[in-house]
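First comes the structure, then the notes that go with it.
The values are calculated or read from the model by the stated rules, or taken from the named source; none is laboratory data. Because the structure is a prediction, the values reported are computed rather than measured. Here the Cβ positions follow ideal geometry from the backbone for every residue, glycine too, while neighbour counts run over all protein chains shown. Accessible surface is based on the protein model in full, side chains and every heavy atom, while ligands, DNA and RNA are left aside. Shrake-Rupley method; radii C 1.70, N 1.55, O 1.52, S 1.80 Å.
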Amino acid sequence: MKVDFDKRIYKLSAVKEAVKDYGGFADFTISDTGRKIDVSVENIDYSDHENFIDEFCNYVIYKMGGK
Amino acid sequence: MNGIAIKKVKQKHFEKMVPFSFRKIGGYVLIVNEYGNYLFLEEPDFKDLVENGLPYGNRRLMEDFQKHNMIFTKETRAGVVDKALKRFRDPAHITNLHIIIATLRCNLKCLYCQANSVPGSTHGTDMSIETAEKVVDTIFQAPSEVLSIEFQGGEPLLNWEVVKHIIKYAKEVNKVKNRSISFNIVSNHTLIDDEKLDFLVENEVVMCMSLDGPDYVHNKNRGDNHALVVKNYRKVFDRYVNEGLERLPALIGTVTKHSLPYAREIVDEYRSLGSNSIFVRPPTTLGVAQKNWEKIGITTDEFLEFYAEIIDYVLEINHGGTYFTETFAIYILSKAIAGHEPGYVDLKSPCGAALGQLAYNYNGDVYTCDEARMLGHLGDDTFKIGTCGESTYTDLIMHKATKAVCLASTIESTPGCSMCVYKPYCGICPVQNYHESGELSPNVFTTRRHKINEGIMDILFERLLIPENSAVFLKWIEDYVGKRVQDDNAVIPDNGSERDNVPEEKECECEKSN
Amino acid sequence: MKNGGNGVEMHFSTKLFPAEAILGACHKFLAKCYVRVDYDESDARKIIVQLKPKDGETIDNLESEFRDEALDYSVKLKILKGTSRVRDQIFHIVFNPERISLASDNLQTELDTESRAEVFKLNDKMEKLLADIEEEEESFDYEDDPLGIATPWEEKYGQPDNILDPRQQIEDQAKKGLVIPTLNGEVVES
Ligand code: SF4
Ligand code: SF4
């Protein structure tokens, strides 16, 4: 599954921190495409994949709080 | 805020203002500057301020802004700096509250017991005389001029010899150290006898006695001992009065599901025992309370409804001419109205962990605070910062857990709190957060503490809008801070007759204020 | 986003609502909603916010609640930025590093003659800081002040009697032990 974050809104460091904290539940790959930060998520160890992504996106916003 | 044209709101409108935040309360806009001064504005005035800048043409409003330190001018500068100094750099009393667990044993088995006590016969959890002396030696390393030693438990009176020894030994050490030292015991008061009472009176030990309300509330939470507790409380109270002791015994209670229908009855019970105050605190989710949560647990909404009922009843009592206070309200409003820092460890930034209090377990282990010690008892020593006899005070204060808790409880840098209108009055608890969510700094809006504190402050500021209530609050604060308080938001009636009814009772420090 | 059908989508102009304000507002909704924030692909001046209540959460007026929060947050951000200069000035005084280090040096030691002198030096510095700020303030642009409110208050209405001179205030603080813990009382009186 893929999800992207616009760099005018999100900081790479927040995305990286979120990936680190969620790393135990899935395999994440981050790529910087210039305007966006693309995150691909594989092998999600949680039954509802979409819900997992929703939680992950919320967590990125939460991590932006301290930035 | 409805109706504001964001297009018109410009940064430059605020250039001469002291940093502030705002919140809509009871049809008005409450604005609070970073250092705790507050002012209620009518909605159109607030709209005008943010859309057009300071209302130079409106002398009344400009004077209000000046009086309440909302603008940074030559005239307000000294007041603002004074406030900021008090708020950020008040160095007084660094680690003055020292909580000693003389034993984990208890003869009761209260449903919510935070202390996670063990049965009365399990002597392995008693503090030894040797450890007790090491604890006292550590306490005297703290720089505070004022030291408050508080015994909690378990039931401290079950390890009476050690409690006595600590008091005697601390007084002996203090002959050289010369600090201002006081002692408190938080006790269930079922074990008090004449010998103990003589010693407590002689050493002016302040007694804090647990009482949750009338028997039909108290006994449900704490077992069938209401009659005995009340009998002993009266005995201790009368003796302290007769001996002319300045600090009389205080009552502390915990709010559970069983309390909810009886707000008025609980206040009346306190009054009937001669108390002139009540301190309403929700039960923490730490300790046995967690296991019994279904039996006694309450939601934040239930707690807030109960709190509002208590405050309204207490105000009604005051309007009727009798002086009676609620302590949590005093702590918050003394910051807002009098710019006084009550030092209540749970409403500080950073919180009182290590900087305000230390907790010493029966075996000499030291924790950042008593809640951290309870967590330790549940098997998690994240906040253990040393051991008496091995660690110096500097080791304790420089421990990485101390630093982490201080950092995590600094409200100014906490996302969400940093923009909140209640920031100068509030406090966040990393230990509770960690216990509830596994994180020291979770999203603050998900925490129980935030919901309760925000709700309590909404209740208080809404009440403060009504002049006859604010007159009552002012009296409380005046009495608490000990000086005449001028609050220009409030209307102060001329006659002072209600003050004649003020009983002599002083507050007890077992309420974690330092 | 997995949308149960009860979510809302809102558009905000970046000119009026910077991304920072939108994210700040989102923060409050994270516990109850799944939130996505993105730029509008077809219009770079628009931010799109999607909110979907989590299972078991019902939020009446989700859209208007969020709009209120975004508006409040935007105003608060402007206040934060607009007052930053005043905040810096205050912090400059309060967190003056020399005072702090002196305070901690003295925390556990008796005040000897040498550090007494230090305290006096320190108060000099404080005076200078306040004087600097006063000077800076002279250069404020009072163009927006047709009624002359920015003219010192006492020139217009007389000195309010409850307001102390800043230096006096600092000395009073010292007396109360607020500048240097436990020690300044002696200094000021001597
Ligand atoms: S905990 Fe809640 S009420 Fe307290 S300052 Fe933070 S956001 Fe405000
Ligand atoms: S960590 Fe929590 S319980 Fe401990 S002192 Fe801080 S606020 Fe109080």
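A simple packing score, the average count of other Cβ atoms within 10 Å per residue, orders the peptides B:61-69, B:78-86, C:81-89 as B:78-86, B:61-69, C:81-89, with the highest score first. The trypsin sites (Lys or Arg not before Pro) of segment B:342-432 include none that meets both criteria, a DSSP state outside H, G, I, E and B (loop) and at most 11 other C-beta atoms within 10 angstrom of the site's C-beta. In this structure, the pairs whose alpha-carbon distance is over 24 Å, taken from A:20/B:400; B:164/B:220; C:46/C:76; B:295/B:384; B:86/B:475; B:47/B:423, are B:164/B:220; B:295/B:384.
Between the amide H of residue B:253 and those of B:211, B:279, distances stay under 5 Å, these residues lying 5 or more places away or on another chain, with hydrogens modeled in the peptide plane.
Under a model in which nothing but the beta-carbon of Lys, Arg (+1) and Asp, Glu (-1) is charged, segment B:6-88 shows a dipole of about 220 debye around its Cα centre. Residues of segment B:130-166 buried by at least 50 Å² of accessible area upon assembly of all protein chains, compared with the chain on its own (1.4 Å probe): B:143.
Between residue B:130 and residue B:273, residue separation times 0.36 nm minus the direct Cα-Cα distance comes to 47.6 nm. Dividing the convex hull volume of the alpha carbon atoms of chain A by its residue count gives 70 Å³ per residue.
Give me the percent of accessible area attributable to carbon and sulfur for segment B:361-446, probe 1.4 angstrom. Working shown, then result.
On the way: 1620 of 2970 Å².
Reported share for carbon and sulfur atoms: 54 percent.
Averaged over peptide C:69-78, the number of partner chain Cβ atoms lying within 10 Å of each residue's Cβ comes to 5. In a simple Cβ point-charge model (Lys, Arg +1; Asp, Glu -1; nothing else charged), chain A has a dipole of about 580 debye relative to its Cα centre. Positive-end ranking of C:79, C:11, C:23 along the dipole of segment C:2-82, with charges on Cβ about the Cα centre, is headed by C:79. Put simply, chains C and B cover up around 5400 Å² of each other's accessible surface, both sides summed, when a 1.4 Å probe is used.
At a probe radius of 1.4 angstrom, the accessible area of segment B:6-88 per residue rounds to 34 square angstrom. The C and A chains share an interface that buries close to 1600 Å² of accessible area, total over both sides, probe 1.4 Å. Of the residues B:76, B:52, B:329, the one whose Cα sits farthest towards the positive end of the charge dipole of chain B is B:52 (charges of +1 on Lys and Arg Cβ, -1 on Asp and Glu Cβ, taken about the Cα centre). In a fully extended conformation the segment linking residue B:141 and residue B:242 would gain 32.8 nm over its present Cα-Cα distance, using 0.36 nm per residue. Enumerate the calculated ³J(HN,Hα) couplings along segment B:358-369 in order (Karplus 6.51 cos²θ - 1.76 cosθ + 1.60, θ = phi - 60°), each rounded to whole Hz, writing x wherever the residue is Gly or Pro. Once θ is set to phi - 60°, the couplings for segment B:358-369 become 10, 10, 10, 6, 4, 8, x, 5, 10, 10, 4, 6 Hz.
Per residue, how big is the convex hull around the C-alpha atoms of segment B:150-197? Give it to me in cubic angstrom, could you?
Expressed per residue, the convex hull around the Cα atoms of segment B:150-197 is 77 Å³.
Note on residue B:227 and residue B:390: their simple-model spin labels are 4.9 nm apart, each label 7 Å out from Cα toward Cβ. Sequence-distant contacts, meaning Cα pairs under 8 Å at least 6 residues apart, place the relative contact order of chain B at 17 percent.
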